[in-house]
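The values are calculated or read from the model by the stated rules, or taken from the named source; none is laboratory data. Source: prediction; values computed, not measured. Please note: Cβ atoms are built from the backbone with ideal geometry, for glycine as well, and neighbour counts cover all protein chains shown.
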Amino acid sequence: MPTQPKALEALTFDERRFAPPEAFRAQANWRDASVYADADRDLEGFWAKHAEDFLWSKRWDTVLDWQVPYAKWFAGGKLNISENCLDRHVRAGLGAKVAYHWEGEPGDTRSVTYAELLDETQRCANALRELGVHTGDRVAIYMPMIPELPVAMLACARIGAPFTVVFGGFSAEALAGRINDSGATVVITADGGYRKGGVVQLKRNTDDALAQTSTVQKVLVYRRTAQEVPWTDGRDVWWHDIVPRQEAHCPPEQLDSEHMLYLLYTSGTTAKPKGIVHTTAGYLVGTATTHKYIFDIKPDDVYWCAADIGWVTGHSYIVFGPLANATTGVMYEGVPDFPDKDRWWRVIEKYKVTILYCAPTAIRTFMKWGSQYPERCDLRSLRLLGSVGEPINPEAWIWYRETIGGSRCPIVDTWWMTETGMILITPLPGITVTKPGSATFPFPGVRADVVDDEGKSVPRGGAGYLVITTPWPAMLRGIYKDDRRYRDTYWSRFPGRFFAGDGAKRDEQGYFWLMGRVDDVMKISGHRISTTEVESSLVSHPKVAEAAVIGREDPITGQAIFAFVTLRGGTDGSDGLSRELREHVVAKIGSIARPKTIMFTPELPKTRSGKIMRRLLRDIANGQPLGDTTTLADATVVEQIRTAGASATED
Ligand code: PRX
């Protein structure tokens, strides 16, 4: 008799283990495993104890008010997150401490102290007020990786204006969608930014976006590249004309714990990105506490999270977590291979970086380029390494440990999501015995489980779906203006538990091993891209009748976009058309969604009810034997696609 199919098969576990080096353990912020049991005995007490570290103008009444699926953390409290990230440290005598060592791609540098960051934030906040921004108004931020980007975020937070940062690599159309959904009244941008030795047209894209929106009254523009930009008098304002003349004094608005701090748009299983809502107090407590203990932050550390602030990693672990802990950070504007493939290692050598946090896709790229680049530089300042964004394969983990970490640095493989706001599953570097490829255990105060299709906990050794079973402080507070979608996406599959959309397995010792998305979200270089979003952009091209997109395994980017396209009657596919379609997707979403492979096929494989069988397309793209084909409406389609396969074009 056939056995009941399991939700997911657990394959092999890597059995190598690495205990924290004794010298690291001896100095670690947490070195005793009892922290897990202590937190577990009293979750609310655990988080409340950490909340005591911050400045509140009114203490909370209730630690947690949980009405599934909406949590309120530290309800009744009042505070300001920018005051906690800046004023608190300056008052404590840390004004001269560097908040960011910043390095522009062309090689220009600046070091910004906490006192300077506070002054600039207050000036920017006053400028926003002058531009008509009130508490509660939304502000869109579309900037390069320059210090004015955290300044803009902190200035919004200071006056209680929820911001939405749009990654500088997104297109005008993507920016317009986010402005429209959030109803932003002001956009903060720059003339351009430097990337790959060229300039990114941020202001021009902003103008194109504004042609498709109606809520924006003012555009504040920082001059970064001094390139020519289109200008609308009365609407557009130069940063240097308005910010420097403001008073460097702007009292922080005292906001409710649950005041919306920001919205961050992320891809889901439909074409429309979701506006993930994050609020103030729980987010501060969650990001700062995890940052302090997972990265073992000490006052003299030089910490570099090499993400872009446009993603949640940058929000939580370049801006709010590190600043709340008065950390000295490094910020770099550009790509890792400009002017040469050793740029990151030069940055580490120059600033004596002690902690590096980056994505597996970067690590795999460096592996491909070869060890000669890191070997040119002195990396002995490093003491801890982190990874985030997708599962890290054991070879990359080992290479990272040996070649970058000199076999002396613990690695923290941190699992979390835009929705979770903070790291949830991770080693603690002074406590956890790590295994390459495993994110190990839930952070103290966090509870997770692996469940089967019925929602029953899968015994150790098995695999299933990852769920988070209790609320955590930095959790999302919904999808902006879409309660239904919020409930459907995260809370309906396993009522009362947060469904992450990831597959996971647990080994006999209870270690969590993440296995990637179980829905139609692809992970391209660690970034979430929805298959549907790319499909709709392809289908919006006049020559395309239908498209199906899948993530094909890729040795460097994790997954790469593989698009199957059927054309409208009479048109033949060609290299020229492939190029045109790639550019079309880039214009609609951004270069991050550029399909790597396009295959023109006469038909797509469908079930009798008309659903595209992505599973088959995945098998075809990955060159694997086809699974069950009995539900295909037309069995000859697969053969036709296989024949067409010869004409697939690679980018
Ligand atoms: O599939 C998981 C993967 O990234 C997804 C979340 O993507 P995003 O919201 O863009 O946030 C990425 C940065 C926090 C998750 O559903 N993911 C993230 N970290 C890991 C991971 N997969 C495996 N291991 C990780 N450490």
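A few points about this structure:
- None of Gly516, Gly510 is of a type in the set (Gly, Ala, Ser), outside any loop (DSSP other than H, G, I, E, B) and in contact (Cβ under 8 Å) with a residue 60 or more places away in the chain except Gly516.
- Checklist (1) in contact with a Ser or Thr (Cβ under 6 Å, 6 or more places away or on another chain); (2) of a type outside the set (Gly, Ala, Ser); (3) assigned to a helix (DSSP H, G or I) applied to Val549, failing item: (3)
- Lys606 satisfies every condition listed in (1) charged (D, E, K, R); (2) buried (at least 18 other Cβ atoms within 10 Å of the Cβ); (3) in contact (Cβ under 8 Å) with a residue 40 or more places away in the chain except (3).
- Scanning region 377-428 for residues that are farther than 22 Å from Val312 by Cα and surrounded by 24 or more Cβ atoms within 10 Å (Cβ to Cβ), we see that the one that is farthest from the ligand (Cβ to nearest atom) is Pro410.
- Hey, Val133 in the same structural domain as Val302 (by TED's automatic domain parsing), in a helix (DSSP H, G or I) and among the β-branched types (Val, Ile, Thr) or not: no
- Val534 more than 14 Å from the ligand (Cβ to nearest atom), over 20 Å from Arg615 (Cα atoms), in the same structural domain as Arg614 (by TED's automatic domain parsing) and of a type in the set (A, V, I, L, M): no
- Inter-residue pairs, beta-carbon under 8 Å, first outside the structural domain of Leu617 (by TED's automatic domain parsing) and in region 547-561, second outside any loop (DSSP other than H, G, I, E, B) and surrounded by fewer than 24 Cβ atoms within 10 Å (Cβ to Cβ), 6+ apart: none
- Inside region 305-321, residues that are touching a helix residue (DSSP H, G or I) at 6+ places or on another chain (Cβ under 7 Å) and not small (Gly, Ala, Ser) make up a count of 6.
- Annotation: of all residues in region 465-516 being of a type in the set (Gly, Ala, Ser) and at positive phi, the one that is farthest from the ligand (Cβ to nearest atom) is Gly496.
- Verdict on Phe338 being modelled with pLDDT of 95 or more, of a type outside the set (A, V, I, L, M), surrounded by 23 or more Cβ atoms within 10 Å (Cβ to Cβ) and under 30 Å from Ala140 (Cα atoms): no
- Selection within region 284-298: residues that are away from the ligand (no atom under 12 Å from the Cβ) and not in a loop (DSSP other than H, G, I, E, B). The member of this set that is nearest to Val446 (Cα to Cα) is Gly286.
- Of all residues making up region 217-265, the number that are free of Cβ contacts under 8 Å to residues at least 60 places away in the same chain and of a type in the set (A, V, I, L, M, F, W, C): 6
- Number of residues in region 613-642 that are among the hydrophobic types (A, V, I, L, M, F, W, C) and either buried (at least 19 other Cβ atoms within 10 Å of the Cβ) or modelled with pLDDT of 85 or more (or both) equals 8.
- Filter result for Arg579 (out of contact with any Phe, Trp or Tyr (no Cβ under 7 Å at 6 or more places or on another chain), on the phi < 0 side of the Ramachandran plot, basic (Lys, Arg) and modelled with pLDDT of 95 or more): yes
- Gly526 touching a residue at least 60 places away in the same chain (Cβ under 8 Å), within 16 Å of the ligand (Cβ to nearest atom), touching a Lys or Arg at 6+ places or on another chain (Cβ under 6 Å) and under 23 Å from Gly590 (Cβ atoms): no
- Selection from region 254-276 of residues that are surrounded by fewer than 22 Cβ atoms within 10 Å (Cβ to Cβ) and of a type in the set (A, V, I, L, M, F, W, C): Met260, Ala271
- Residue match in region 438-456 (condition: within 11 Å of the ligand (Cβ to nearest atom), in contact with a strand residue (DSSP E or B) (Cβ under 6 Å, 6 or more places away or on another chain) and assigned to a loop (DSSP other than H, G, I, E, B)): yes
- Residue that is nearest to the chain's Cα centre (by Cα) [pool: residues in region 527-551 that are of a type outside the set (A, V, I, L, M) and surrounded by fewer than 21 Cβ atoms within 10 Å (Cβ to Cβ)]: Thr532
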